[in-house]
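Below you'll find the structure, written out as structure tokens, and then a few comments.
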Amino acid sequence: MRNLLRSFTHAVSVPVKFLLENPLEFFPLRRALTRYNPRKLRADVFAGINVALLAIPQSMAFALIAGLDNVAYGITCNAVACLVGPWFASSRLTSLGPTNATSLMIFSALAGTGIAATERLHLLPVLVFLAGLLLVVGAYLRTADLIQYISRSVVVGYITGAGCLIIAGQLRETLGIAPPPTHSGAASRGLFSLLGDWAPHLDRVHWPTLVVSVVTVAIYVLLRRTLRGWPCFAMTLVGVSVAVALLQWWGVPLELRMVRGFSLEQIVPSLPKFREAATFGNISLLMGPAIAVAFLAALENSVMSKTLASRTGERPDPNQDMLAVGVANLSAAFVGQMPVSGSLTRSTFNQESGAVTQNSSLVTGVLCLLGVLFLGGAVHFIPLCCLSVLIIAISMTLFNRRHLTICFRATRSDAITLVTTVVATLIMPLHVAIFIGVAISVVLYLRKAARPSLVEYSFNQEGSLMEKHADAPRDFPQISIVHVEGELFFGAAELFRTQIQRTVADPNLRVIILRMKNARHLDATSVMALEELIRFLRSKNRHLIISGAMKGLYRVLKDSGMVEVIGRDNLFLGSAQNPNISTRNALLRAQQLLGRKDAEVKIYFDPSHATE
């Protein structure tokens with residue numbers, strides 16, 4: 001009983017100690033409020049207003065991308081994210097809310113579960129809640145530190161593919177082609193299915209809609225070129241909507257499809273319906289998409305914060321920012337049906353507008369909340385084609401030519417990862433595609449990392465250890481000194497064994513000395529391969545000696561019982577003061593095994609010329 005209690009106490013103390021050693025700050029915003037003055041307040045208010053004028057129309061667009069007919073969810077989600085997230089974020093410029101990539105994934109993720117379309121809207125808050133919970137737990141477990149191991153090629157590939165899907169999904173609306181009877185939402189299908197919505201029906205283009213779309217593009221491009229730093233998105237949306245309303249008031253029969261209005265009763269906060277039988281039964285189906293959404297939100301927020309940090313010199317805590325995104329998602333699940341992430345567009349605009357602290361996001365949140373309260377009926381005057389054109393305009397910014405060029409030209413692995421992720425995004429459910437990209441990048445990295453360098457060495461006449469040329473004879477024909485350098489984890493085990501077996505192909509060879517000072521990360525797979533190699537050599541009346549084993553490698557050999565298999569007389573530890581002494585002793589041991597009585601081996605070591 002005492003041993004059981006001791007084991008339980010140890011099991012509990014380990015995670016508790018980990019959490020105490022890696023604390024997250026509660027309400028870091030309070031630090032921004034110290035020495036706050038009217039000058040900073042004016043700067044934050046100005047930046048908050050600018051970002052709100054961009055965030056409100058963008059949030060409406062993202063709601064359509066997510067397959068939601070009610071654009072209020074997008075605005076409400078942005079309001080809650082901006083009001084809650086800054087209290088927990090370490091970055092002072094972060095602007096949280098719905099984004100292109102997360103909006104596209106949310107509906108695709110649910111569609112990929114096979115859940116009936118009528119049930120998806122009820123399950124969206126549950127999915128967002130689960131994603132938020134995963135992010136909060138991940139923040140306390142410091143998993144944001146692992147994001148740095150995700151190849152940037154995966155992010156570039158996913159965002160590029162998502163941009164293609166968004167554009168393909170909005171082209172039907174910009175052309176005025178009525179949706180097919182089986183239409184199930186743009187985000188739920190692949191590229192070719194989306195193109196099939198409108199490409200075969202170009203003869204049914206609604207010309208007034210197309211004209212309004214073209215005019216919207218012209219106005220937006222003109223404003224972007226002449227009024228840099230202004231909320232061109234909102235100005236275009238308002239300008240075109242007013243123009244269309246005036247034309248219809250004058251009796252021009254445009255017959256455009258309009259954005260659906262909303263009332264406050266439709267967005268009353270409510271608990272996610274966990275207690276309903278249908279919801280509870282679908283929890284297992286929602287976990288996969290929730291993990292994907294949480295992963296993407298963390299990835300987006302990490303890329304965004306690092307991009308801003310490179311411009312401002314800040315050093316934000318990625319785990320603290322992950323906590324902010326998680327809490328914002330938990331809050332958004334009660335009032336909206338969209339996931340929250342860090343928006344690079346709005347965060348950059350926040351910085352360019354002169355934001356000083358996180359208070360600028362609070363101002364944006366208040367204005368978005370006012371937008372929900374007073375814009376319910378006004379959105380009915382927005383032409384759907386105008387909003388679709390602006391969605392396409394936003395999506396065009398996802399294609400970063402510079403990043404694509406770097407990924408294509410940097411290494412072959414980056415190019416393969418990029419292309420694979422883009423193709424997977426275009427033809428597969430998005431919550432599957434992003435993990436395919438991650439898996440490909442990890443496999444290609446392991447393939448490169450799992451190539452240990454094995455070089456045969458010999459002694460020259462001066463006693464120095466030198467690399468042996470392929471055709472040069474060994475000083476001791478029956479002894480081979482092999483320098484092992486690199487990773488020896490599971491991916492390298494087979495290659496390690498194969499290369500050693502190739503060395504022992506020489507029938508005159510009796511002893512192999514493995515110099516393993518620079519061998520790293522020996523694991524169970526490589527230990528098993530080493531054991532099999534030793535038993536194979538002994539079956540052929542040959543010997544293996546290890547020299548230069550440092551503390552980490554020796555610990556693995558000892559804990560796995562390999563010291564006894566190798567033989568303590570055949571294992572020589574490395575010395576930082578004289579790295580060649582272990583090889584000298586190993587060579588003397590080899591001569592002893594061969595029954596030779598040559599002169600003493602002299603190895604000279606000059607610390608000033610040491611390379612190991």
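Computed values, structure above
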quantity: Only listed residue being touching a Pro at 6+ places or on another chain (Cβ under 7 Å) and modelled with pLDDT of 55 or more, chosen from L33, L41, L24, L53; calculated: L53
quantity: Qualifying residue in the stretch 365-384 (condition: surrounded by 24 or more Cβ atoms within 10 Å (Cβ to Cβ), modelled with pLDDT of 85 or more and farther than 19 Å from T99 by Cα); calculated: yes
quantity: Verdict on V327 being among the aliphatic types (A, V, I, L, M), at pLDDT 85 or above and outside any helix (DSSP H, G or I); calculated: no
quantity: Single match in P318, P339 (criterion: under 14 Å from P98 (Cα atoms) and not polar (S, T, N, Q)); calculated: P339
quantity: Residues within the stretch 296-326 that are of a type in the set (G, A, S) and over 11 Å from the mean Cα position of the chain (by Cα), tallied; calculated: 6
quantity: A111 vs. criteria modelled with pLDDT under 85, hydrophobic (A, V, I, L, M, F, W, C), surrounded by fewer than 20 Cβ atoms within 10 Å (Cβ to Cβ) and at negative phi; calculated: no
quantity: Selection within the stretch 204-219 - part of a helix (DSSP H, G or I) and either among the aromatic types (F, W, Y) or touching a helix residue (DSSP H, G or I) at 6+ places or on another chain (Cβ under 8 Å) (or both); calculated: W207, T209, L210, V212, S213, V215, T216, V217, I219
quantity: Any hit, the stretch 577-586, residues being touching a residue at least 12 places away in the same chain (Cβ under 8 Å) and among the basic types (K, R); calculated: yes
quantity: Selection status of T348, in contact (Cβ under 8 Å) with a residue 24 or more places away in the chain, surrounded by fewer than 20 Cβ atoms within 10 Å (Cβ to Cβ), under 30 Å from N37 (Cβ atoms) and in contact with a helix residue (DSSP H, G or I) (Cβ under 8 Å, 6 or more places away or on another chain); calculated: yes
quantity: Residue that is nearest to R260 (Cα to Cα), among those in the stretch 220-234 that are touching a residue at least 24 places away in the same chain (Cβ under 8 Å) and surrounded by 15 or more Cβ atoms within 10 Å (Cβ to Cβ); calculated: A234
quantity: Qualifying residue in the stretch 220-243 (condition: within 15 Å of L390 (Cβ to Cβ), in a helix (DSSP H, G or I), at pLDDT 90 or above and touching a strand residue (DSSP E or B) at 6+ places or on another chain (Cβ under 6 Å)); calculated: no
quantity: Residue check, N350 of a type outside the set (A, V, I, L, M) and in contact with a Leu (Cβ under 7 Å, 6 or more places away or on another chain); calculated: yes
quantity: Some residue of the stretch 504-517 being at pLDDT below 85, part of a helix (DSSP H, G or I) and among the polar types (S, T, N, Q); calculated: no
quantity: Pairs where the first residue, in the stretch 489-512, is over 25 Å from V443 (Cβ atoms) and in the same structural domain as G552 (by TED's automatic domain parsing) and the second is modelled with pLDDT under 70 and surrounded by fewer than 18 Cβ atoms within 10 Å (Cβ to Cβ), C-beta under 6 Å, 6+ apart; calculated: N508/P477
quantity: Single unsatisfied condition, I65 versus (1) crowded, with 24+ Cβ neighbours inside 10 Å; (2) under 18 Å from L344 (Cβ atoms); (3) modelled with pLDDT of 85 or more; calculated: (3)
quantity: Options F349, F295, F334, F280: the member that is part of a helix (DSSP H, G or I), of a type in the set (F, W, Y) and at pLDDT 85 or above; calculated: F295
quantity: Number of the condition not met by R35 [criteria: (1) outside any helix (DSSP H, G or I); (2) under 26 Å from the mean Cα position of the chain (by Cα)]; calculated: (2)
quantity: Search result, residues across the stretch 196-219 that are under 19 Å from I166 (Cα atoms), of a type in the set (A, V, I, L, M, F, W, C) and surrounded by 15 or more Cβ atoms within 10 Å (Cβ to Cβ); calculated: W198, L210, V217
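For every residue, the table says whether it meets (1) polar (S, T, N, Q); (2) surrounded by 15 or more Cβ atoms within 10 Å (Cβ to Cβ).
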| site | (1), (2) |
| --- | --- |
| Q501 | yes, no |
| D506 | no, no |
| L509 | no, yes |
| K540 | no, no |
| L557 | no, yes |
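The values are calculated or read from the model by the stated rules, or taken from the named source; none is laboratory data. For clarity, every value in this text was computed on a predicted model and none was experimentally measured. Neighbour counts run over all protein chains shown; Cβ positions are idealised from the backbone, glycine included.
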